[in-house]
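Down below is the structure, laid out as structure tokens.
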Amino acid sequence: MFLTGGKLQLTGGLFAGVGSVNGTSQINITGTSSSLELNDISGSGITMSRTNWNLENRTGTGVGSYHIRNVAGNNTLTTGGANGQGDWNNTNAVAGNWNIQSDAGKLTFTGGNFYATAAVITTLQLGGAGNGEIDSLLVTYQSATLNIVKSGNGIWTFSNIPAAGTADVFGTVINATPNTSTSVYRGTIGVTAGTLEFKPLATGSKIVLNNVSPIAVSDGASLKITPFNTTSSAVTSASSLTLGVSTGSTLAFSLQGIPTAAPLAVAGFTTNGSNIVSVSSSVVSLGTYTLLTYTGSIGGAGFAGLPGGLNNSNLLLPNRVVGNLVNNTANHSIDVVFTGIDTIRWDGNAGGSPNSTWNISSLQNWKQSSNGALTNYQQPSAPGDVVNFTDSATSFTVNATAAVNPGSMTFSNTANTYTITAATAGTTITSGSLTANGGGNVTFASGGLSISGTTTIATTGDGITTGLVTVSNTGGAFSLGSSLALTSGTLVLNRTDSVTLGRRSPERGR
């Protein structure tokens, strides 16, 4: 099929590889006004399969000059071509652009190679507010150059799934038919807006860039590194990485746990402006871990262009993790130091007025204990946050509107009385432990209470605590856990059901 003008718009179904040109199933998109549009109105996604896709280089840029546009839906373009010539390639020997745009949904390219065949500069432009993924290899043939420009607010991912038995590399330069036997890519990589993600998807795999493949991330844009596992780098580059132009960009790491190999290794490293570093991980252990290695020293603003100091607002860490970045000059690396796990304290002032609601991941009725920043209660899995209740709150009535399960609850109130309620009969607050050590009163007025560990009523000083902890009989499960420690104060169980207490350790309590 040849597109030399106008556009072909697909609105649903499977577009199979039928017909042939020179014995191979093929689509040629040539001419300055030709384009392919995918607009899925069926909701099932469009799959278009061809052996070869020939994209003629164009000098135009931006909307209106795109080769392929994803209008809506999660759609896939695939090729059955073997690694080597074929697949997605340029068909003429003039410098120009391949323009691919995803306005909404996600456009996925799978199989074969993106490769530049002529000794000219080709620019692959990835734009739009939608997302996209390219799991094909990017290849430069002989002396060709293939530059990448990520624009638009969407997220484009290079996952680079290799053929069986090959190394997972970003591209190759050899003097014959392109293949995946060597690990070199020739071209610049620019992230001007949105997010460009490198995400190799094979054990031990990495994306390898050569010494003429610098990466530059513009102000407000983001480069994301997602290793396959903890023992492999995601990207190694013999060239340079530059973050920001004047105000700063974002460098994000999405880790599969605690890394033992630097997820990103570059030669030169330069910072400009005030850049954000984001680290997410499914597993957190306190300690120091390398994120990035570089050679020489950091150029531009240097380490000052990265977040510095404990709890710097430009350093985004996993939920409730406290830490900082370190420039390890001896190792030529940027390390993240996880120093502790933060807790939260009740504030009860969401929206700037007294508010009693305790829910999950919604209202900012809490503050981080480390820096006083507003936050919400997080419980991605049970147990959730460690929570504290102090005299610094605005509201001292706390109404659980969900079955919350904090890691522990500590009441250190002295002058104020807390009343804990449940919005729905039978709702139970479950906690790893319960400690009341401030001397103020605490009443669990409705709902259930289940403590799995120790319940402690104590004083933090030498005086006798006069606090009163009352648990009323108004529905919901009730358990005070495996151990009950009374060193002062009073525990009142105002219930009509049977009560089983854990081991009791009395001192001044009653």
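Accessible surface for Leu209 stands near 10 Å², nearest 10, in the context of the full protein assembly shown (1.4 Å probe).
For Ser369, the accessible area of its heavy atoms, probed at 1.4 Å with every protein chain present, is near 60 square angstrom.
When the residues Phe303, Phe158 are ordered by accessible surface, computed with a 1.4 Å probe over the protein chains alone, the sequence from largest down reads Phe303, Phe158.
For Ser280 and Ala423, the difference between the fully extended length at 0.36 nm per residue and the C-alpha to C-alpha distance is 48.1 nm.
For Lys224, the lysines whose Cα comes closer than 22 Å to its Cα, not counting residues fewer than 8 places off in the same chain, are Lys106, Lys150, Lys199, Lys206.
The residues of the stretch 332-448 expose, per residue, 36 Å² of accessible area to a 1.4 Å probe.
Thr454 contributes about 50 Å² of solvent-accessible surface, heavy atoms of the protein only, 1.4 Å probe. Put a dot 7 Å past the Cα of Ser313, heading toward its Cβ, do the same for Ala238, and the two dots end up 4.3 nm apart. Rounded to the nearest 0.05, what FRET efficiency do Ala129 and Val94 give with R0 = 25 Å and r taken as the Cβ-Cβ distance? Could you check? Approximately 0.25, to the nearest 0.05. In the stretch 192-344 the Cα-Cα distances spread across 5 Å bins starting at 0 as 2, 10, 20, 25, 23, 14, 6, 1, 0, 0 percent of all pairs. Each label point was placed 7 Å from the Cα along the Cα-to-Cβ direction; for Ser297 and Asp391 their separation is 5.2 nm.
If R0 is taken as 30 Å, the Cβ-Cβ distance between Thr288 and Ser483 corresponds to a FRET efficiency of 0.25. Each label was represented as a point 7 Å from its Cα along the Cα-to-Cβ direction; for His332 and Thr230 these points are 2.7 nm apart. When you count the other C-beta atoms within 10 angstrom of each residue and take the mean per peptide, 256-263, 267-274 line up highest first as 267-274, 256-263. In the stretch 273-431, the DSSP beta bridges split such that about 55 percent are antiparallel, to the nearest 5. Expressed as a whole number of Å, what is the distance separating the alpha-carbon centroids of the stretch 197-244 and the stretch 260-312? If you average the Cα positions of each part, the centres end up 13 Å apart.
The values are calculated or read from the model by the stated rules, or taken from the named source; none is laboratory data. Not measured: the values here are computed from a predicted model. For neighbour counting, all protein chains shown are included, and Cβ atoms are generated from backbone atoms with ideal geometry for every residue, glycine included. The accessibility values were calculated without ligands, DNA or RNA, using every heavy atom of the protein model including side chains. Shrake-Rupley method; radii C 1.70, N 1.55, O 1.52, S 1.80 Å.
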